[in-house]
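Written below as structure tokens is the structure these notes are about.
The values are calculated or read from the model by the stated rules, or taken from the named source; none is laboratory data. The model shown is predicted, which means the values in this text are computed figures rather than measured ones. Glycine also receives a Cβ, built like all others from the backbone with ideal geometry; neighbour counts cover every protein chain displayed.
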Amino acid sequence: MSYKKEYKNYGLMNDLVVRPLLKNSPVAHELVSRIISEVINIPYDEIYHNLKYINDDRLFSSKIVDAKTDVMLETKKYFINIEICYTNGNTRNRQMDTYNYELYLSQAYKTSDYNNMKQIIQIMIENYDYFGNDEFKYEVVFMEKNLHLTEDNFITKYHINLALLKKVSYNSIRNEKDALKKILYMFVCDEENLDKAYMGDKFMENVINNAKEIAGEYKIPLYLPESEIRRLDREEAVEEGSNKTRTEMIINMYNDSLDLNVIAKYANLSIEEVNNIIKKNKETN
């Protein structure tokens, strides 16, 4: 994918800063309202006056593994999930799809509910170009493959390409007409030029000050170097590779008629987990 291209050696705003900045800082409500408004092209006032934060526990089944979203919100019309994605892996992508389907299912308790279900919006703010086409924003809905006709937009995913912003200087962002690019530039701006990029923009100056306060309170760096992001990316790839290897081992042992207790022992899993892997393999083959 094109996110592997060499860009300026900027850091990324620490995700441990970004999450509380978007969830419970004094600027959080206005900041996420602005982001959502620009991403889905809905008037800011309509979002701001109807938006509220919700707890994951209210939405997700106990069967969903690691069901903790970065930011979950709702309005009268939408469920909106904002995710900060600095590393790119299949596990992460599938986890995000699971959230969408679980949100879909959580609304339907009886047949009549289908007429009043809220649209699901997922905004993925990513440190890579998901489709490799040098676009800043990708909008994904269910479509007919050959005709490219929309079948359903009940679930809509937006991939926001931060990698594209790394090509932009802090001077040019000051005159940027795209409000979303201007807001999200703080994610990729080097710390030295952060204040310069937003000089004169009172709201964004306030956002940056809140971000710095969060970093200071938690005693963590405001920005992570690219080398750290690449390390995390490699770790995720290794973990996915390890899981794939373990799955192949389990299937091979099962095909050789080994006892499930033996398979579970060598895979360091429960018998139930082994059975689930075997079942999924049968369903996909």
For segment 74-91 the number of residues that are surrounded by 17 or more Cβ atoms within 10 Å (Cβ to Cβ) and touching a strand residue (DSSP E or B) at 6+ places or on another chain (Cβ under 8 Å) is 12
Could you check segment 195-209 and list, in sequence order, the residues that are surrounded by 17 or more Cβ atoms within 10 Å (Cβ to Cβ) and out of contact with any Lys or Arg (no Cβ under 9 Å at 6 or more places or on another chain)? VAL207, ILE208
Here the qualifying pairs (Cβ atoms under 7 Å; residues six or more apart or on different chains; first in segment 190-212 and assigned by TED's automatic domain parsing to the domain that holds ALA163 and without any contact (Cβ under 8 Å) to a residue 40 or more places away in the chain; second assigned to a loop (DSSP other than H, G, I, E, B) and of a type outside the set (A, V, I, L, M)) come out as ALA197/ARG174; ALA197/CYS189; MET204/TYR198; GLU205/TYR198; ILE208/TYR198
Considering (1) under 19 Å from LEU73 (Cβ atoms); (2) surrounded by 10 or more Cβ atoms within 10 Å (Cβ to Cβ), say which one ASN116 fails and leave the rest. (2)
Answer with yes or no whether THR87 is modelled with pLDDT under 90 and touching a Leu at 6+ places or on another chain (Cβ under 6 Å). yes
Which listed residue, of ASN24, ASN50, ASN41, is on the phi > 0 side of the Ramachandran plot, assigned by TED's automatic domain parsing to the domain that holds GLY216 and at pLDDT 90 or above: ASN41
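For (1) part of a loop (DSSP other than H, G, I, E, B); (2) out of contact with any His (no Cβ under 7 Å at 6 or more places or on another chain); (3) surrounded by fewer than 19 Cβ atoms within 10 Å (Cβ to Cβ); (4) not β-branched (Val, Ile, Thr), each residue gets a yes or a no:
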{"position": "GLN122", "(1), (2), (3), (4)": "no, yes, no, yes"}
{"position": "ASN133", "(1), (2), (3), (4)": "yes, yes, yes, yes"}
{"position": "VAL141", "(1), (2), (3), (4)": "no, yes, yes, no"}
{"position": "GLU176", "(1), (2), (3), (4)": "yes, yes, yes, yes"}
{"position": "LEU184", "(1), (2), (3), (4)": "no, yes, no, yes"}
Criterion violated by THR245 - all others in (1) loosely packed, with under 15 Cβ neighbours inside 10 Å; (2) among the β-branched types (Val, Ile, Thr); (3) at pLDDT 90 or above satisfied: (3)
Which pairs have Cβ atoms under 6 Å, sit 6 or more apart or on different chains, and link a residue in segment 165-185 that is more than 18 Å from ASP134 (Cα to Cα) to one that is among the polar types (S, T, N, Q)? TYR170/ASN193
Scanning segment 163-215 residue by residue, those farther than 18 Å from GLU83 by Cα and among the β-branched types (Val, Ile, Thr) turn out to be VAL168, ILE173, VAL207, ILE208, ILE214
